[in-house]
Amino acid sequence: MREHIIEVADGFWNIRGSFKVAGLIDIGTHASLVRRSDGRFLLLDSYTLKDGVAREVDELTGGKENVVAVLNLHPFHTIHVRAIHERYPDAKHYGTARHLSRHPELTWQPERTEDAALHDLFADDFEFSVPDGVDFISANEHVHFSSVLVMHRLTKTIHVDDTIMYIRLPQVLNLLGLTESTSFHPTLAKVLQKREGAARDFRQWARALADRWADAENLCAAHTSTLLGTKNSGDTIRDRILGCLDKVESKLAAHERAHG
C-alpha cells in the first residue's frame, strides 16, 4: 500500500500506511494528525513517518516541536511506538495498559487511553468511547477487536482501529451493485465476555454510540479505508453503525443463549 496523507477536513489528516502480514500481504494501517483548538497538533495512533510523508507532516505542523501529544488507541498496535517516541521526544505519549507493559522502557504519561482520566484531559477537542461487554485486551494475541474510538467534534470525524471496519470493495464487485461494506471486526464472538448480560451491554453500547455521534460525517478506519463525508453517497455513519449491529445480531443471540 502506498503511504499517503488524506485531508479529511480542515484540521484533520488521515495518514495511510503500510502493514504487511507475515511480510507478504499488505493490509495497511493508519494514524491521524489533528490540529487542536489551541493550534498545536497531536497524533491519534503511532506510525513510522518516512520520506515524503514525514516532510508533509512537518510542513503541516510547522515542525516536530508543534506535535505535543500522541494517543495510542489500540492495545495491539505497538509496532510503531518506539519510532514515534524517537521522532517526538518532547511530546506527551499516552498508551493503553498493554502499551505500557509492552514497552516499559519508553516514556509514558500515567493516564491510559482507555481510562476516563485521559478522556477528560482532551475533552476540549475529542470524545472517546470504549466498547462494553467485550474484553478490551484479549488473552488471545491474535484477537484485535477492541480499541478506543475517538470523535473529533470540530471536523465530525471518527478515528477507529479494527473495531469498526469500512472497506471499499474491488471494482469487479461493483457490477453486482456492491461498492463498500461497513462492519464490526469479525472477532466479536471471541471477545464477548463470558458472563450474563455481555451481549446486551455490547448492543446497548453500539446503539448509544450511533446516537451520541449521530452527526459524524467522516470515518477513518485502520487496515481498510477512509470514508469521507464529501464522497459518501450511502447511509449516514449513524445508520452504518446500526447496520453493523444488525449484522452481528446472530452472534449476540448465540452468546445470550449460552451465557444469558
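General remarks:
- Taking a Cβ cut-off of under 14 Å around Phe184, the surrounding Lys, Arg, Asp and Glu residues balance to a net charge of +1, with basic ones at +1 and acidic ones at -1.
- Folded to 0 to 90 degrees: helix 198-212 orientation relative to the chain principal axis, Cα: 60 degrees
- Dipole moment magnitude, nearest 20 debye, segment 4-259 about Cα centre, only Lys, Arg, Asp, Glu C-beta charged: 580 debye
- DSSP-defined beta bridges in segment 4-259 - what % are antiparallel, rounded to 5: 75 percent
- Net charge in the neighbourhood of Thr48 (other residues with Cβ under 12 Å of its Cβ; Lys, Arg +1, Asp, Glu -1) is -1.
- Partner lysines for Lys251 [C-alpha distance under 26 Å; skip if fewer than 8 residues away on the same chain]: Lys190, Lys194
- On Cα atoms only, tilt of 249-259 relative to the major axis of the chain in degrees: 70 degrees
- The computed Cα extents along the principal axes in Å for the structure shown corresponds, within [x] 49, 38, 36; [y] 54, 45, 39; [z] 60, 45, 34, to [y].
Every number here is computed from the coordinates shown, using simple stated rules; none is lab data. Owing to the predicted nature of the structure, the values given are computational and were not obtained by experimental measurement. With ideal geometry, Cβ positions are generated from the backbone for all residues, glycine too; neighbour counts draw on all protein chains shown.
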